[in-house]
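Structure, as structure tokens:
The values are calculated or read from the model by the stated rules, or taken from the named source; none is laboratory data. Here the structure is a predicted model, which means the values were calculated and not measured. Reconstructed Cβ throughout: ideal geometry from the backbone, glycine too, with neighbour counts over all protein chains shown.
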Amino acid sequence: MSSLIVIVSLIAVYFVTQEALRRKGLLCMWTLFGVLPIALTVYWFQNKDFDLFLWIKLYTILFCICWGNWLRFTSNGTNPWFLRTIPVLLAANILEAMTVDILKIGLAHSLNAVTGALLLVALPFGATCVRFDLASKHRDMRFDTSLTWIVGYTLWNWSFMYLNYPSLMGHHSAILATALIVAMIDPQRWLQTRAATLGMSLILTATSYSGMLNLIDTTCWFQEHIAIAVAIFAFGWMLVHVLNPIRSIRQIRGTKIVILSPFRSTAVKLSRRLTLMSTQS
């Protein structure tokens, strides 16, 4: 019960913080996610609890936040070539986690890697799926993907953290829940919220890993059968999403945009092959 109270409290803190950051400008965002991390880098490198993946994730997320806010608050946010980088960076972050699961042995890891591949298959690419709401006072980044895909991503990422970093699962549950709550209100704001909350959490964890675990350590949560069940559910969710013949149609500025993956037909073959490999291992 105490862990649940801490997680709910963290969700409230992250939600309020991301709303506050949403109202800040480029200088504040670059200071928090660019200048401050550079100043803390020497201190962070004394942290022996971070593995290679966490170090890569930390600095790639910080770069993504700084890059996204540069586009958000400058005229470069209307450049189609720059807009195309947003889904590419998201795909790269998914690939980072996929690599970790691919290198691990076990049914849950294999299924989670397949689920990551399905997320990439269903991910919308191109300049038309990203825009910055220049007419609003917050200039929000709007990423046009479906709530179904976001739920699939949340399940996959929860499974990834549960499998690979169970001690941090409590913190990450709060981060994922915060972004999901925002997505339920406005799915197009999910990516902006996801990046901001994950960036904040990584900065805090790199600064005081032991302090984060003192707040809530969920190592005892891990059970192999639960890991397999969650991985199967996440895989099933994304498989249904990818194979769904109904196209998701979003209404943006009065223009219907159809979200289609150019690799949808390939996904069927890929998922079947990888599922067969997982069951045989």
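Of all the listed residues (Leu120, Leu89), the sole one being touching a Cys at 6+ places or on another chain (Cβ under 7 Å) and either part of a helix (DSSP H, G or I) or farther than 19 Å from Phe53 by Cα (or both) is Leu89.
Yes/no matrix, rows are residues, columns are (1) touching a helix residue (DSSP H, G or I) at 6+ places or on another chain (Cβ under 8 Å); (2) hydrophobic (A, V, I, L, M, F, W, C); (3) at pLDDT 95 or above:
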{"site": "Leu26", "(1), (2), (3)": "yes, yes, no"}
{"site": "Phe53", "(1), (2), (3)": "yes, yes, no"}
{"site": "Thr60", "(1), (2), (3)": "yes, no, yes"}
{"site": "Ser75", "(1), (2), (3)": "no, no, no"}
{"site": "Leu89", "(1), (2), (3)": "yes, yes, yes"}
{"site": "Lys104", "(1), (2), (3)": "yes, no, no"}
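I want to confirm something. Restricting to the range 203-214 and keeping residues that are in a helix (DSSP H, G or I) and either loosely packed, with under 15 Cβ neighbours inside 10 Å or without any contact (Cβ under 8 Å) to a residue 12 or more places away in the chain (or both), which single residue is nearest to the chain's Cα centre (by Cα)? Filtering the range 203-214 for residues that are in a helix (DSSP H, G or I) and either loosely packed, with under 15 Cβ neighbours inside 10 Å or without any contact (Cβ under 8 Å) to a residue 12 or more places away in the chain (or both), the one nearest to the chain's Cα centre (by Cα) comes out as Leu204. Which residues, taken from the range 59-86, are surrounded by fewer than 20 Cβ atoms within 10 Å (Cβ to Cβ) and either under 18 Å from the mean Cα position of the chain (by Cα) or not in a helix (DSSP H, G or I) (or both)? Passing the criteria: Tyr59, Thr60, Phe63, Cys66, Trp67, Phe73, Thr74, Asn79, Arg84, Thr85. When you check Trp237 against the structure, is it of a type in the set (Phe, Trp, Tyr) and more than 30 Å from Val35 (Cβ to Cβ), yes or no? Taking the combined requirement at face value, the residue satisfies it. When you check Thr148 against the structure, is it at pLDDT below 95, out of contact with any Phe, Trp or Tyr (no Cβ under 7 Å at 6 or more places or on another chain), over 19 Å from Leu71 (Cα atoms) and not in a loop (DSSP other than H, G, I, E, B), yes or no? When the stated conditions are applied, Thr148 passes them.
Of (1) surrounded by 19 or more Cβ atoms within 10 Å (Cβ to Cβ); (2) over 16 Å from Tyr153 (Cα atoms); (3) touching a Leu at 6+ places or on another chain (Cβ under 6 Å), Val114 satisfies all except one. Which? Among (1) surrounded by 19 or more Cβ atoms within 10 Å (Cβ to Cβ); (2) over 16 Å from Tyr153 (Cα atoms); (3) touching a Leu at 6+ places or on another chain (Cβ under 6 Å), the lone unmet condition for Val114 is (2).
Condition check ((1) free of Cβ contacts under 8 Å to residues at least 60 places away in the same chain; (2) in contact with a Pro (Cβ under 8 Å, 6 or more places away or on another chain); (3) closer than 15 Å to Ile216 by Cβ; (4) buried (at least 24 other Cβ atoms within 10 Å of the Cβ)) across all residues:
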{"residue": "Thr154", "(1), (2), (3), (4)": "yes, no, no, no"}
{"residue": "Leu168", "(1), (2), (3), (4)": "yes, no, yes, no"}
{"residue": "Ala174", "(1), (2), (3), (4)": "no, no, yes, no"}
{"residue": "Ile181", "(1), (2), (3), (4)": "no, no, no, no"}
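Scanning the range 126-144 for residues that are part of a loop (DSSP other than H, G, I, E, B), closer than 16 Å to Pro87 by Cα and modelled with pLDDT under 90 gives a single hit, Gly126.
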